[in-house]
1. Show that you can apply the helix-only estimate: for the chain, add -39,500 (n - 2.57) for every DSSP H stretch of four or more residues, divide by all residues, and state [θ] at 222 nm to the nearest 500.
2. Would you list which lysines come within 25 Å of K188, measuring only between C-alpha atoms, while excluding same-chain residues fewer than 8 positions from it?
3. Name the residue from L140, L52, G89 whose Cα lies farthest towards the positive end of the charge dipole of the chain, charges +1 on Cβ of Lys and Arg and -1 on Cβ of Asp and Glu.
4. Excluding S60 itself, calculate the net charge of residues whose Cβ lies under 14 Å from the Cβ of S60, where each Lys or Arg counts +1 and each Asp or Glu counts -1.
5. In whole Hz, with x marking every Gly and Pro, tabulate ³J(HN,Hα) for region 42-55 from phi via Karplus 6.51 cos²θ - 1.76 cosθ + 1.60, θ = phi - 60°.
6. Please give the net charge around L25, taking every other residue with its beta carbon less than 15 angstrom from that of L25, where Lys and Arg add +1 and Asp and Glu add -1.
7. By how many nm would the segment from V57 to E107 grow when fully extended, if each residue of separation counts as 0.36 nm and the alpha-carbon distance is taken off?
8. Points 7 angstrom from Cα along the Cβ direction at A117 and T47: gap in nanometres?
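The values are calculated or read from the model by the stated rules, or taken from the named source; none is laboratory data. Fair warning: this is a prediction, and the values are worked out from it, not measured in the lab. Quick reminder, even Gly has a Cβ in these numbers, built from the backbone with ideal geometry, and neighbours come from all protein chains shown. When the accessible area is computed, the model is the full protein with side chains, heavy atoms only, and any ligands, DNA or RNA have been set aside. Shrake-Rupley method; radii C 1.70, N 1.55, O 1.52, S 1.80 Å.
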Amino acid sequence: MENRADRPRPASLADLFISFTLLALQGFGGVVAVVQRELVERKRWLTQEEFLEEWSVAQSMPGPNVVNMSMMIGARYFGLPGALAAMGGMLLIPLLVALGLASLYGEFSSYPQVAGALRGMAAVAAGLIAATGVKLAAALKSHPLPLPLTLGFALLGLIFMALLHLPMLATLIGIGGLSCVLTYRRLKP
């Protein structure tokens with residue numbers, strides 16, 4: 001396994017800011033696929049397992065998952081200034097783009113072509129998220145819980161939220177708590 005000290009890392013706060021700005025500008029409606037490809041496969045700042053761990057924590061925190069993750073990665077390499085630089089990269093230019101697009105949408109929202117384009121973008125974003133889920137599932141092989149059990153937890157989470165309309169927090173605490181307890185028992189010597 002590659003040592004963390006031997007892997008590439010961001011060169012500076014500016015590198016963090018620019019890298020996360022470019023990541024944010026590549027994604028529309030869901031950037032996790034882009035972030036995983038960039039940080040794990042291209043830049044190699046994280047391993048696949050580290051990405052999954054960071055992403056899991058980012059999802060459990062309030063706020064946008066990818067912004068949470070950017071702050072954790074920035075903090076990993078440069079502390080608080082790194083967290084702020086990475087977060088700024090994720091938010092500044094995309095915020096300006098979103099404000100510009102909101103102005104345009106306000107002007108042209110009554111056109112059916114605009115509604116159709118937005119539906120098409122939503123479908124692409126859903127496909128990217130599904131593809132990332134499939135790609136990240138390979139890391140489950142090294143998880144202490146058996147694969148059928150982890151897939152069962154995922155299916156149970158889907159049923160609780162999509163079919164039974166239970167709150168995400170209750171689902172996360174229930175299924176997440178149970179899976180954490182079972183994993184801890186498996187890891188305990």
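1. On the way: 8 runs with 128 residues, N = 189.
Calculated from helices alone, the mean residue ellipticity at 222 nm is -22500 deg cm²/dmol.
2. Once the sequence-local lysines are set aside, what remains near K188 is K141.
3. So the residue we want is L140.
4. Taking every other residue near S60 into account, the sum is -2.
5. 8, 7, 6, 6, 9, 7, 4, 5, 4, 4, 4, 5, 5, 5
6. Details: positive: R37; negative: E38.
In short, 0.
7. Working: separation 50, 0.36 × 50 = 18.00 nm, distance 3.90 nm.
Contour length minus the Cα-Cα distance gives 14.1 nm.
8. Each label point is offset 7 Å from its Cα along the Cβ direction, giving 4.4 nm.
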